[in-house]
1. Please tell me if Arg139 is modelled with pLDDT under 50 and open to solvent by 50 Å² or more (accessible area, probe 1.4 Å).
2. So Arg86 clears everything in (1) touching a Ser or Thr at 6+ places or on another chain (Cβ under 7 Å); (2) at pLDDT 90 or above; (3) open to solvent by 20 Å² or more (accessible area, probe 1.4 Å) except one condition, right? Which one?
3. Please state which of the following conditions Gly77 fails to meet, knowing it meets all the rest: (1) open to solvent by less than 20 Å² (accessible area, probe 1.4 Å); (2) assigned to a loop (DSSP other than H, G, I, E, B); (3) at pLDDT 85 or above; (4) farther than 22 Å from Phe8 by Cα.
4. Among what's in segment 34-49 and is touching a helix residue (DSSP H, G or I) at 6+ places or on another chain (Cβ under 9 Å) and crowded, with 16+ Cβ neighbours inside 10 Å, pick the residue that is farthest from Tyr89 (Cα to Cα).
5. Could you tell me whether any residue of segment 38-48 is without any contact (Cβ under 8 Å) to a residue 12 or more places away in the chain, on the phi > 0 side of the Ramachandran plot and not in a helix (DSSP H, G or I)?
6. Going by what's in this entry, would Gly80 be described as at positive phi, touching a residue at least 12 places away in the same chain (Cβ under 8 Å) and either touching a Phe, Trp or Tyr at 6+ places or on another chain (Cβ under 7 Å) or not polar (S, T, N, Q) (or both)?
7. Scan (1) part of a helix (DSSP H, G or I); (2) open to solvent by less than 50 Å² (accessible area, probe 1.4 Å); (3) in contact with a strand residue (DSSP E or B) (Cβ under 8 Å, 6 or more places away or on another chain) for the single condition Cys62 breaks and write down its number.
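The values are calculated or read from the model by the stated rules, or taken from the named source; none is laboratory data. No experiment lies behind these values; they were computed from the predicted model shown. FYI the Cβ positions are ideal-geometry reconstructions off the backbone, even for glycines, and counts take in every protein chain you see. Note: areas computed on protein heavy atoms with side chains; ligands, DNA, RNA excluded. Shrake-Rupley method; radii C 1.70, N 1.55, O 1.52, S 1.80 Å.
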Amino acid sequence: MSAEVRVFTDGRAGRVVLDRPRALNSLTHGMIGAVREALEAWAADGSVEHVVLTGAGERGLCAGADIRAMHDDAKAGGAGFRRFFRDEYRLNALIADYPKPYVALMDGITMGGGRRRPPRRGWSPASWRCTRCPPPGPRPRPPR
C-alpha cells in the first residue's frame with residue numbers, strides 16, 4: 001500500500017484519499033496500485049456498499065500523472081511510465097465497470113485519464129471551484 005494514498009472504511013463506505021497535496025495529488029505508480037488493490041478488495045466485501053474518492057488538501061482532486069516523474073523516467077528510457085500507463089488504463093477500466101456505486105468528489109483542479117470515462121454505477125459531483133481538464137489524446141466523437 002502506498003503512503004500517498006489513504007484507504008479506510010467509514011461506515012459502509014470504502015474511502016480513498018489521494019494524499020499528495022503539494023503535488024496536486026498527482027498520481028504515482030504506487031498510488032495506482034494502492035487504489036486498484038483497495039477497489040478489488042472492496043468489490044468482494046459485502047460490508048462496503050459504495051466507494052468515495054477524494055483528494056487531500058484544498059487545491060484539487062488530482063492533477064493526473066506525475067509529470068516530473070514522467071520527465072525523469074523519459075530521460076532514463078521511459079520503461080517506468082509505459083508500465084504506469086498500462087496499469088492506469090487497467091485501473092480506469094476497473095472503475096468504469098465497478099460493481100458498486102463509485103463517487104469521485106471533484107473539487108479544485110481535476111485532470112487525467114480517469115476523467116474521460118465515467119463509471120457505470122458512479123457519480124462525479126463537481127464543486128463550484130472545479131476546473132476539469134481533459135486528458136491528452138483523441139477525444140471520443142459525438143454520435144451522429
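1. Values: modelled with pLDDT under 50: yes; open to solvent by 50 Å² or more (accessible area, probe 1.4 Å): yes.
Against the criterion (modelled with pLDDT under 50 and open to solvent by 50 Å² or more (accessible area, probe 1.4 Å)), Arg139 qualifies.
2. Condition (1) is where Arg86 drops out.
3. With (1) open to solvent by less than 20 Å² (accessible area, probe 1.4 Å); (2) assigned to a loop (DSSP other than H, G, I, E, B); (3) at pLDDT 85 or above; (4) farther than 22 Å from Phe8 by Cα applied to Gly77, the lone miss is (1).
4. The first filter runs over segment 34-49 and keeps only residues touching a helix residue (DSSP H, G or I) at 6+ places or on another chain (Cβ under 9 Å), leaving 35-36, 39-40, 43, 48.
So of that shortlist, the ones also crowded, with 16+ Cβ neighbours inside 10 Å come out as 35-36, 39, 48.
Values: Val35: 13, Arg36: 11, Leu39: 14, Val48: 24 Å.
Only one residue fits best here, namely Val48.
5. Going residue by residue through segment 38-48, those that are without any contact (Cβ under 8 Å) to a residue 12 or more places away in the chain are 41, 44, 46.
Going one step further and asking which of them are on the phi > 0 side of the Ramachandran plot, we end up with none.
Within segment 38-48, not a single residue is without any contact (Cβ under 8 Å) to a residue 12 or more places away in the chain, on the phi > 0 side of the Ramachandran plot and not in a helix (DSSP H, G or I).
6. Values: at positive phi: no; touching a residue at least 12 places away in the same chain (Cβ under 8 Å): yes; either touching a Phe, Trp or Tyr at 6+ places or on another chain (Cβ under 7 Å) or not polar (S, T, N, Q) (or both): yes.
No, not satisfied.
7. (1)
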